[in-house]
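Following: one structure in structure tokens, then a few remarks.
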Amino acid sequence: MFKSLRWRIIFPTVVLLLAVMVAVGVYSTRALRESYLSQTESSLTTQARLLADSLQPALAGAEGSPSLAAEAAHWSSLIDARLTIVAPDGVVLADSEDDITRMDNHALRPEIVAAKSAGSGSSIRFSHTLGYDMLYTAVAVRDGDNLLGFVRLARPLDQLDVAISRMQQVWLAVAAGVSLVAVLLAVLISNRITKPLRQLTRESTLLAAGGETSGQAPTFSTDELQSLTQAFNLMSRSIQDKIQRLEVEKGKLNAILQAMSDGVLVVDDQDNVQIINQAACEMFAIEPQEGGSKNLIELTRQHQPAELLRKVKDTGQQQSLAFEILKTRQTVRAIAIPTQVYQPGLYLLVFHDLTEQKRVEALRRDFVSNVSHELRNPVAVIKMLSETLQDGAIADPESAQHFLSQIEKEADTLTAMVNELLDLSKAESGNLKLETRAVRPCQPINNARDRLALQAEKAGVTLRVDCPGDLPAVRADAVRLEQVLMNLVHNAIKFSKPGGEIFIRAKTEDAYMRYEVQDQGSGIAEEDLPHVFERFYKVDKSRTGEGTGLGLAVAKHLVEAQGGHITAVSALGEGSTFSFTIPLI
Ligand code: ADP
């Protein structure tokens, strides 16, 4: 309790006050007693001298003097003091209050001894007869050099004790009153001082705990405490400003970290993960609540990141390593960086996903091998045919004609393939230029039908068009739209049996025109269907059949470039339906 500032103010104040009061009380009591005693003593001495003078004749035994006992009684009642007349040898001759026959010799009483030698003397003694202190004053009665006796006056001091104890009581009451007032004042003053301090303490505790503070500790006075409070308010505002700025910075950093496609881990000296971002969680299949303050190996369940980190710790240099994450089968390049300069004891691990890069590389390799494979066949056939011609077949006009038309066919295949490759490369690189405008929806259908009519006839297939004339216009590149339809109808003819029918339809569907090419041909197996729009994909795995495997890939790109979507529905032996959408005007 006495540790609080309030009590440290109140306690010494009250103790000091009480000490002063007691000291003043004791001193004044003593001073009062002494002054009373010296006053009483001097007045008794004076009275005793006067009495000595007046009792001298009686003591000298003069004729006609009243008896000593009568004198003693008379003067004692006049001056309100006990009067004793003592002979020079100490025998009591008269006493105003006691029976002299019972009184012993007074020669050795201190006041008598002093009066004998110095003329007067006094002493204070406890009177067993009366039960309280008495002040005795004695004066020698002389006749010239002749000692006649002593006159002794005594006054009780009980009244002095009563007065002193009354004074002490009053003093005690005053001291108690003053102490009470002092305590109240001390409480008030200490409250005034400690209230702002307590409020400051509360605000500081809140600030330290990171809680919301008003940032405004109230000010009560205009003294040093106000300066302290103002300084505190200033400090708390500046701390809160800094905290807010840090929060904003932290928010920004967090937003960047979480938005990054690369996985990021911040690891401390003990290999504990301090920060982990969303991408890293996904890469290592970690639940986000799992992350943070967990061991690196425990969290990633792989040894490579920890090994890389050890290398960084050993060398103090940035290190990198490519490996496959077992859980998600992602290939990543991990880069471990010591952040010594900015944050000693922290390391940054960045995981860059190489899966897409690897896929693109594989695709490129695949593409090159596909293209060379596709080109090799027609080129080999042309070479073989021209060699046959050179070897003498040229001499036979009929076979020469046959070989030359074969060479032309292969050359056409090569041209078609190169054109399709060009289209595909343009579409994939985004360089395909479309001339989009309002197109009457049946026009491209009719054009495709007309252009492929001869081919259909040769194949013994009937082309049927279902396109109402009142259909709304579409927003498309007419040439490209016709190219898509040509590709689909061409395929339909190619994979139809003689006698089959091909339906080419157009109908509106929400904000789109849906084009459909339906055949009754060979159909496509379920496992092949999802791949038919891929480059170089041919259901005929021997790849010897006619076609490049690029037509549908080109068609898909052209449809999507015009804002539509292409799909295929088919079952083996039951024909196929290819359909795509083109937005209406
Ligand atoms: P291609 O030039 O070889 O026809 P496409 O990209 O146009 O290349 O077609 C890819 C493959 O899809 C074809 O090789 C064929 O196996 C299959 N296909 C396409 N259209 C049809 C269809 N109407 N009926 C059956 N199979 C088809």
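Ratio of Rg to Rh for the range 1-140: 1.30 [Cα atoms; Kirkwood radius as inverse mean 1/r over pairs]. Whole Å is fine, so just give me how far the alpha carbon centre of the range 384-419 lies from that of the range 228-291. Their Cα centres are 72 Å away from one another. Identify all lysines with a Cα-Cα distance to LYS252 below 18 Å; exclude those on the same chain that are fewer than 8 residues away in sequence. Within reach: LYS242. When you restrict to C-alpha pairs under 8 Å that are six or more residues apart and normalise by the size of the chain, the relative contact order lands at 7 percent. Helix 397-429 and the longest principal axis of the C-alpha atoms of the chain enclose an angle of approximately 20°. Listed by chain and number, the lysines placed with their C-alpha closer than 20 angstrom to that of LYS313 are LYS294; residues fewer than eight positions away on the same chain are left out. The long axis of helix 158-208 is offset from the longest Cα principal axis of the chain by roughly 10 degrees. Cα centroids of the range 55-133 and the range 15-45: 30 Å apart. Please compute, over every Cα-Cα pair in the range 271-360, the percentage with a separation greater than 15 angstrom. Distances greater than 15 Å cover 58 percent of the Cα pairs. Along the axis of the charge dipole computed for the chain (Cβ charges of +1 for Lys and Arg, -1 for Asp and Glu, origin at the Cα centre), the listed residues PHE11, ALA411, LEU55 are led at the positive end by LEU55. Taking the helices alone, the chain has a mean residue ellipticity at 222 nm of -18000 deg cm²/dmol, built from -39,500 (n - 2.57) per DSSP H run of at least 4 residues and averaged over all its residues. Think of each Lys and Arg Cβ as +1 and each Asp and Glu Cβ as -1; about the Cα centre, that makes the dipole of the chain roughly 560 debye.
Computed over the alpha-carbon atoms, the range 396-460 gives an Rg to Rh ratio of 1.15, Rh here being the Kirkwood radius from the mean inverse distance.
Ordering of 391-402, 43-54 by packing is 43-54, 391-402, highest average first (other Cβ atoms within 10 Å, averaged per residue). Taking 13 Å as the straight-line reach from the Cα of LYS507, the aspartates and glutamates in range (excluding those fewer than 8 positions away in the same chain) are ASP466, ASP470, GLU516. As a proxy for reagent exposure, ranking VAL489, VAL181 by other Cβ atoms within 10 Å from fewest up yields VAL181, VAL489. Taking amide H positions as modeled 1.01 Å from N, with prolines and chain starts lacking one, the residues under 5 Å from LEU148 and 5 or more places away or on another chain are VAL141, ARG142, ASP143. In the structure shown, do any of LYS383/LYS409; LYS250/LYS327; LYS458/LYS497; LYS358/LYS433; LYS494/LYS556; LYS458/LYS494 have a Cα-Cα gap over 22 Å, and if so which? LYS250/LYS327; LYS358/LYS433, as the Cα separations exceed 22 Å there. The mean sequence separation of alpha-carbon pairs under 8 Å and at least six residues apart, normalised by the residue count of the range 443-580, gives a relative contact order of 25 percent. Put simply, the Cα atoms of the range 345-502 extend 87, 58, 29 Å along their principal axes, the longest span coming first. Amide H contacts under 5 Å for TYR132: SER127, restricted to partners 5 or more places along the chain or on a different chain, H placed in the peptide plane at 1.01 Å from N. Relative to the longest principal axis of the Cα atoms of the chain, helix 5-59 runs at roughly 0 degrees. Give me the log10 of I(q) over I(0) for the range 302-437 at q = 0.09, 0.15, 0.21 Å⁻¹, as the Debye formula computes it from C-alpha points; what are the numbers? For the requested q values the scattering log ratios are -0.59, -0.87, -1.15. How about the range 293-400: which trypsin sites (Lys or Arg not before Pro) there lie in a loop by DSSP and see at most 10 other Cβ atoms within 10 Å? Within the range 293-400, the qualifying trypsin sites (Lys or Arg not before Pro) (loop, at most 10 other Cβ atoms within 10 Å) are ARG329. Per-residue 3J(HN,Hα) values for the range 530-539, derived from phi via the Karplus relation 6.51 cos²θ - 1.76 cosθ + 1.60 with θ = phi - 60°, read x, 9, 5, 8, 7, 5, 6, 7, 10, 5 Hz in sequence order (x marks Gly and Pro). All distinct Cα pairs of the range 502-585 go into the 1/r average, and the inverse of that average, the Kirkwood radius, is 13.6 Å.
Cβ-to-Cβ counts within 10 Å put TYR27, TYR347, TYR537 in ascending order as TYR27, TYR537, TYR347, the fewest first.
Put in order of Cβ neighbour count within 10 Å, fewest first, the listed residues THR436, THR40 become THR436, THR40. Under 5 Å between amide hydrogens, built in the peptide plane, is the criterion, and for VAL92 it picks out ALA87, HIS106 among residues at least 5 positions away or on other chains. Let's test the formula: R0 of 60 Å, r as the Cβ-Cβ distance of ALA416 and ALA255. What FRET efficiency results, to the nearest 0.05? Calculated value: 0.70.
Starting from one equal scatterer on each C-alpha and no solvent at all, send me the Debye-based log10 I(q)/I(0) for the chain at q = 0.11 Å⁻¹, two decimals. Reported log10 I(q)/I(0), two decimals: -1.11.
Projecting the Cα atoms of ALA506, GLY523, ILE493 onto the charge dipole of the range 486-565 (Cβ charges, centred on the Cα centre) puts ILE493 farthest toward the positive pole.
No lab work stands behind these numbers, since they all come straight from the coordinates. Since the structure is predicted, the reported quantities are computational estimates derived from the model, not experimental observations. As a convention, Cβ positions derive from the backbone with ideal geometry for all residues, glycine included, and neighbour counts pool all protein chains shown.
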